[in-house]
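K.L.:
Dropping a structure here in structure tokens format, bear with me for questions.
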Amino acid sequence: VVSESPTPPNFTRAPGPAPEPEKGQGRREAPSLPRWWGWGSGESRYSRERVQKILDFLRFRLGGPREGAGGPPPELHDLSLPPSRLSRPEFQRLRDLLSLGTASMEGEERLLHSFGKSSMDLLRLRHAQISKLTDVVVHPASVEEVQAVLAFAEDHDLAVVPWGGGTSVVGGVDPEEGSHRAVLTLSLARLAEPLSLDATSRLARFQCGIYGPEIERYLQPRGFTLGHFPQSFEYSTLGGWLSTRSSGQESSRYGDISQMVRGAKLVTPRGLLVWDRSTSEAAGPDLSEVFVGSEGTLGIFVEATMRVHPRPPESRWDAALLPDWYAALEFARELSQSDETPPSVLRVSDTEETALTLEGRAPSETLGSRFRDRLAPHLLDLKKLDPEAMCLAIANFQGTASSVDEGVRRFRQALRSHGGLDLGRGPGEAWKNERFALPYLRDELLSEGYFVETLETASSWSDLGPLDQEVKTALRDAAHRGKFPAFVAAHLSHTETTGSGLYYTLVVPQLPGREEEQWEALKRAATEAIVHHGGTLSHHHGVGRLHRPWVDQARGQLTTRGWRSLKEFYDPKGILNPGKVHPASR
Ligand SMILES: Cc1cc2nc3c(=O)[nH]c(=O)nc-3n(C[C@H](O)[C@H](O)[C@H](O)COP(=O)(O)OP(=O)(O)OC[C@H]3O[C@@H](n4cnc5c(N)ncnc54)[C@H](O)[C@@H]3O)c2cc1C
């Protein structure tokens, strides 16, 4: 377990009932000391001992980092930042629209609102490649102020980039002006309060700039949870989740965000759109489906009503080693299709990710020492498990004591029928304790000269194995062509009865000056394999700018043209997030 205690998703320590927010006062706490070149705030949550273990593993697999690669991030005040394209009188007029909200043209504020959190974003910041910044950052504090800002942007020919937590990994918050004069980034940081809980109907209403932990801090003391825990949970927002069709790590139980939302208030350039579908409704098509996942191109989510769940009284982890990836996939399918007690989390690592998980632990950490030194040799022999092929699976069951018992019983039954070895609670609990800390590891590896990135897709159970083969072959071939070694690992997660997500982690030694080329080669190869093989273009990261070139092919032109006509209706001047989601018009 990581020694620096990452935040577990348990927020029962919150103070009594949340005060009713006054209009316009909903302001979330800015994270202290933002690591503008990396993840989160404050110090890294990875112990040096743990980082060293992982570096040893990567050196063995990939060779050491190349000369000149990596290094510490620059100082913020050493960067040279392009000036804003907004004039002072214009800025003053914009400020005059805000009575409680704020606006800034300061360089640092613009820098902090111009990059997402993909590894390429972080490398560009680390290399001080700051060619483009947003021109002004606005924090409206009421729905009326959001409306006024959009009207201002239309009148002054400004593109508007909505900003939640800025954790997009697909270029969703890039300051693209499109055909407009300049860019205004509209942050939801001052619209970030819980609004109400209807415990009888299990519905809770929030302003959309609220961060994940604040949602749970409001709900858990009242006996509820939203159940949405993406890895970016601590720094992403409800509005961002809705806009990207986000999926949390417990989606097998709670569903993705599109299955949780029951109503919303959106500001569009055409006016305020309010929808409510707390129950099923047959009065025509459901437009909400079009706004969820629209990535800030149709309107700005300012409020949402979410379905919430009573907190489950029991939660238990179990883990297993399966003989190989195909046995592991079958095991996962069987468990996910169990009608009575599907797991809330089910993650199955392929051989490479299993090796990294087992080897990359420091001696002081649970699974590493105990498993490897004492139990492993004996048990692996007994079960005839080959360390070069075996795959780690972890699962979590939530519910009443008896349903949790039943879940664990089925887990063990399934692993026996697939030749697996039960490892008990430890590995799952270790994963849970560090699940929000992993992004800090990426920062450490970037400093050490390795490039780390993730990509994801999903497919039906029937296609999962072949799709995975295609993606891995494409990635390895691309690395081979580029003449650099690559560590390619995958896991399966976000399981459903019909299929599952597949999530890839890539690590390559940075070739100084060629990092962008390395990344593009890998990303292109993987995405082409995914689209060619019928995997989803994205399972939960969204389209943004990065996936836009493939969106026609992946979704079909009749779909994407339909999206565009909605865009033309709700955003006639095309100010909202140009260059994202929609294929370029021809
Ligand atoms: C380390 C890491 C781990 C991640 N793990 C997950 C994961 O487990 N699951 C997952 O789903 N995603 C994950 N992501 C991706 C990212 O966190 C999600 O896309 C998230 O939903 C973005 O939320 P945000 O508040 O940061 O939105 P932002 O990054 O600020 O914005 C995302 C997009 O939505 C638009 N937008 C933001 N707020 C609004 C609003 N109120 N109204 C209209 N448009 C808006 C933006 O313009 C942009 O196009 C991860 C990212 C990182 C860096």
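K.L.:
I'd like the full set of residues that are touching a Gly at 6+ places or on another chain (Cβ under 9 Å) and within 24 Å of Ala584 (Cα to Cα), limited to the range 268-287.
P.N.:
Residues satisfying the conditions are Thr268, Pro269, Arg270.
K.L.:
Still on this structure, please answer the following. Ile575: away from the ligand (no atom under 16 Å from the Cβ), touching a strand residue (DSSP E or B) at 6+ places or on another chain (Cβ under 9 Å), over 26 Å from Ile54 (Cα atoms) and not basic (Lys, Arg), yes or no? Break it down into steps so the answer makes sense when it comes.
P.N.:
Numbers: away from the ligand (no atom under 16 Å from the Cβ): no; touching a strand residue (DSSP E or B) at 6+ places or on another chain (Cβ under 9 Å): yes; over 26 Å from Ile54 (Cα atoms): yes; not basic (Lys, Arg): yes.
The answer is no for Ile575.
K.L.:
Looking at Gly271, Gly263, Gly296, which is the one that is modelled with pLDDT of 95 or more, closer than 30 Å to Arg564 by Cβ and crowded, with 21+ Cβ neighbours inside 10 Å? Steps first, please.
P.N.:
Working: Gly271 fails: crowded, with 21+ Cβ neighbours inside 10 Å; Gly263 fails: crowded, with 21+ Cβ neighbours inside 10 Å.
The conditions single out Gly296.
K.L.:
Continuing with this model, one more query. Go through the range 181-274 and tell me which helices (runs of 4 or more DSSP H), entirely inside it, have 3 or more residues that are near the ligand (Cβ under 9 Å from one of its atoms).
P.N.:
238-244
K.L.:
From the list Gly64, Gly70, exactly one residue is loosely packed, with under 15 Cβ neighbours inside 10 Å and over 19 Å from Ser187 (Cβ atoms). Which is it? Let's see the steps before the verdict.
P.N.:
Values: Gly70 fails: loosely packed, with under 15 Cβ neighbours inside 10 Å.
Exactly one residue qualifies, and that residue is Gly64.
K.L.:
Those residues that are within 26 Å of the chain's Cα centre (by Cα), over 24 Å from Lys472 (Cα atoms) and either surrounded by fewer than 23 Cβ atoms within 10 Å (Cβ to Cβ) or among the aromatic types (Phe, Trp, Tyr) (or both), I need them from the range 304-334; list them, please.
P.N.:
Arg307, His309, Pro310, Arg311, Pro312, Ser315, Arg316, Trp317
K.L.:
Continuing with this model, one more query. Would the range 214-227 turn up any residue that is charged (D, E, K, R) and within 30 Å of Gly107 (Cβ to Cβ)?
P.N.:
Checking the range 214-227: at least one residue is charged (D, E, K, R) and within 30 Å of Gly107 (Cβ to Cβ).
K.L.:
Please work out if Leu123 is aliphatic (A, V, I, L, M), at pLDDT 90 or above and crowded, with 16+ Cβ neighbours inside 10 Å.
P.N.:
Answer is yes for this residue.
K.L.:
On to the next question. Which of the residues spanning the range 383-432 are under 24 Å from Ala490 (Cβ atoms), in contact with a Ser or Thr (Cβ under 9 Å, 6 or more places away or on another chain) and polar (S, T, N, Q)?
P.N.:
Correct list: Asn396 only.
K.L.:
Residues of the range 275-295 being more than 15 Å from the ligand (Cβ to nearest atom) and assigned to a strand (DSSP E or B), which ones?
P.N.:
Asp276
K.L.:
I've got another one for you. Could you please give the count of residues in the range 546-564 that are within 19 Å of the chain's Cα centre (by Cα) and either surrounded by fewer than 20 Cβ atoms within 10 Å (Cβ to Cβ) or near the ligand (Cβ under 9 Å from one of its atoms) (or both)?
P.N.:
1
K.L.:
Pairs, please: C-beta under 6 Å, at least 6 apart or cross-chain, first residue part of a loop (DSSP other than H, G, I, E, B) and in the range 126-139, second among the hydroxyl-bearing types (Ser, Thr, Tyr) and surrounded by fewer than 24 Cβ atoms within 10 Å (Cβ to Cβ)?
P.N.:
Short answer, once both residue conditions are applied: Asp135/Ser84.
K.L.:
Within the range 146-162, count every residue that is over 27 Å from Glu456 (Cα atoms), touching a residue at least 60 places away in the same chain (Cβ under 8 Å) and within 15 Å of the ligand (Cβ to nearest atom).
P.N.:
Number of matching residues: 7.
K.L.:
Please enumerate the residues belonging to the range 163-180 that are charged (D, E, K, R) and within 11 Å of the ligand (Cβ to nearest atom).
P.N.:
Residues satisfying the conditions are Asp174, Glu176.
K.L.:
Tell me whether the range 524-545 contains one or more residues that are under 23 Å from Leu287 (Cα atoms), of a type in the set (Gly, Ala, Ser) and in contact with a strand residue (DSSP E or B) (Cβ under 7 Å, 6 or more places away or on another chain).
P.N.:
yes
The values are calculated or read from the model by the stated rules, or taken from the named source; none is laboratory data. Worth saying up front: this structure is predicted, and the values here are computed from it rather than measured. Counting neighbours? That spans all protein chains shown, and the Cβs are built from the backbone with ideal geometry, glycine included.
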